[in-house]
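The values are calculated or read from the model by the stated rules, or taken from the named source; none is laboratory data. Note that the structure is predicted; figures quoted are calculated from it, not measured. Here the Cβ is made from the backbone with ideal geometry for all residues, glycine too, and neighbour counts use every protein chain on show. For accessibility, only protein heavy atoms count, side chains too; no ligands or nucleic acids. Shrake-Rupley method; radii C 1.70, N 1.55, O 1.52, S 1.80 Å.
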Amino acid sequence: MKHSLIILTIVVLFLAGCQGDITGPQQENLGTFVGGNQGLAIAFAEDQPPVAVLDDGQETFFITLLLRNVGEHTIPAGGLIASLSGIVQKSFSIQSLNVKNDFDIYGTGKDGSIVTPGAEDLLEFGDASFQPDLPGDTEFTIRADVCYNYQTQAVSKLCLKQDVLKRTIDDVCLINNAKLDVENSGASVHVTSARQNTIGSNKVKLTFTIQNLGVGAVFEPNTFTNSCVGKEEERDRVRVKLYNPENNFKITCGQFGGSHQGVVKLVNNEKIITCTIDTAALQEFTFQDLVIFEINYMERLAVTTPVRVVNALF
């Protein structure tokens, strides 16, 4: 008996070990979007600028930004501007401290369950050289601010019918739903929650929350055109639009003056918005239909790097 128990224990442990080693196929992304809380990722390209350079104009080097679009919106040519600060333009002999993208920066794509990574591109400020003759080695900090137009698309399903107070056994969904499912495209600003409830026999209230989940500040689209600096008084503003793809129902929002679109200011990175839907002209029986949330904004990110200017001895 004791021998049998030992054998059984060994078999169980062996099976448990095998089960831990089994790895099934990767789960397919069957959602509407790839998702994620980031739009653009930025960094200085490797060795551009170098860690150390010579003074007195004796060395030419490059300043270049690496841009990686990890979100799902494509940044069009001219939709991004980067600005350098922390250094004197003349001293570093840089042609311009501001540069725009003259190419599209494609976002992550999704075709069924197949995901295509977004573009990875370089944004060049051109060559530079430190002109003054310094008495000794000196370290400078170069800062790059990047402002780019971006868009978030979120989608949810509403439950509607003509008389929303009339409940029947044929109802296929709930008119009063405190937690609607919401899917967001890969971007920094998300619709993080949504709910619907009745406020009359022919009216539904839709309440949703917008949040900035990214590390950058957000502004209205095209806030920055000539340089990516300043305008702090205009931050935390995004443009929001709601619609049904087939125009089966109309949405009006008090914060937008009775329209279905407008600009809102985020407070502590979020904003709650309330809208209404008139159901008087809808069909008698319940149906599910899509509501699209489109959020447009300009995001500003920053990155820094130290550069040591070495006193040339010859």
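Points to keep in mind about this one:
- Local electrostatic count, Asn69, Cβ distance below 13 Å [Lys/Arg +1, Asp/Glu -1]: -4
- Using θ = phi - 60° and Karplus 6.51 cos²θ - 1.76 cosθ + 1.60, couplings along the stretch 70-80 (whole Hz; Gly, Pro as x): 9, x, 10, 9, 7, 8, x, 4, x, x, 9
- Cross-link partners of Lys166 among lysines (Cα-Cα below 17 Å; sequence separation of 8 or more within a chain): Lys203, Lys205
- Considering only Ser113, Ile175, Ile142, the residue lying farthest towards the positive end of the dipole of the stretch 103-194 is Ile175, judged by Cα position with unit charges set on Cβ.
- Springs between Cα atoms under 10 Å define the GNM used for the chain, and in it the highest mean-square fluctuation of Asn177, Asn212, Asn101 occurs at Asn177.
- Protein accessible area in the stretch 104-171, 1.4 Å probe - carbon and sulfur %: 46
- Probe 1.4 Å, all protein chains present, accessible-area order of Arg235, Arg167, Arg300, Arg68, largest first: Arg167, Arg68, Arg235, Arg300
- Under 11 Å, Cβ to Cβ, from Arg237 - net charge with Lys/Arg +1 and Asp/Glu -1: +1
- Structural descriptor for the chain: relative contact order 23 percent, calculated from alpha carbon pairs under 8 angstrom and at least 6 residues apart.
- Zero-based 5 Å bins, Cα pair distances in the stretch 198-264, whole percents: 3, 12, 20, 20, 16, 11, 9, 6, 3, 1, 0
- Net charge in the neighbourhood of Thr274 (other residues with Cβ under 15 Å of its Cβ; Lys, Arg +1, Asp, Glu -1) is +2.
- Inter-centroid distance (Cα atoms) of the stretch 82-114 relative to the stretch 249-314, Å: 24
- In this view, the solvent-accessible surface of Asp111, computed with a 1.4 Å probe and all protein chains in place, comes to about 120 Å².
- Phe224 long-range amide H proximity, modeled H, under 5 Å: none
- Angle between the chain longest axis and helix 2-21 axis [Cα atoms, degrees, rounded to 10]: 60
- In terms of its C-alpha gyration tensor, the chain has an oblate overall shape, because the principal axis ratio a/c (a ≥ b ≥ c, square roots of the eigenvalues) is not below 1.5 and a/b does not outweigh b/c.
- For Thr74, the residues whose modelled amide H falls within less than 5 Å of its own, excluding neighbours fewer than 5 places apart on the same chain, are Gly107.
- Between Pro50, Pro117, Pro132, the residue with the greatest mean-square fluctuation in the GNM of the chain (Cα pairs under 10 Å linked by springs) is Pro132.
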